[in-house]
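FYI, it's all coordinate maths here, none of it is from the lab. Please read these numbers as outputs of a predicted model, since none were measured by experiment. We place every Cβ from the backbone using ideal geometry, glycine too, and count neighbours over all the protein chains shown.
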Amino acid sequence: MKLSRVRCTDGTDVSSVSVGETEKTMEAYKKMLADMARAIVDKPENVAVDVSESEDGTIVLVLSADPDDMGKVIGKHGKIAKAIRSVMRAAGNRKGDRVAVEIQ
């Protein structure tokens, strides 16, 4: 299956960030996840994403939203959360990065 380019709402192409620009790449992943989350919640101003890099090099994105919106972020039986994780993992794979999403 061929993936198309992965873009944020502002047009930033995650796959165009060159290797070695870890901070810029992490910010692009952060923006992409925040954009996805804001699109599905009722209170987009309460969406926050923290980003860090684990010891094994995995980029860890921690998504938090208003407690009233957590059901929308997780979805029935975790389907939305799984889809969000899959999209972010696919974006990371295009750059050769390991990306993990935690939802709090």
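Descriptive notes on the structure:
- Proximal charge balance of Thr58 [Cβ under 10 Å; K/R count +1, D/E count -1]: -3
- The local environment of Ala37, defined by Cβ-Cβ distances under 13 Å, has a net charge of -1 under the rule Lys, Arg +1 and Asp, Glu -1.
- Proximal charge balance of Asp68 [Cβ under 11 Å; K/R count +1, D/E count -1]: -1
- If you count Lys pairs in segment 14-103 whose Cα atoms are under 27 Å apart, skipping same-chain pairs closer than 8 places in sequence, the total is 22.
- Kirkwood-type radius of segment 14-103, with distances r between different C-alpha atoms, in Å: 13.2
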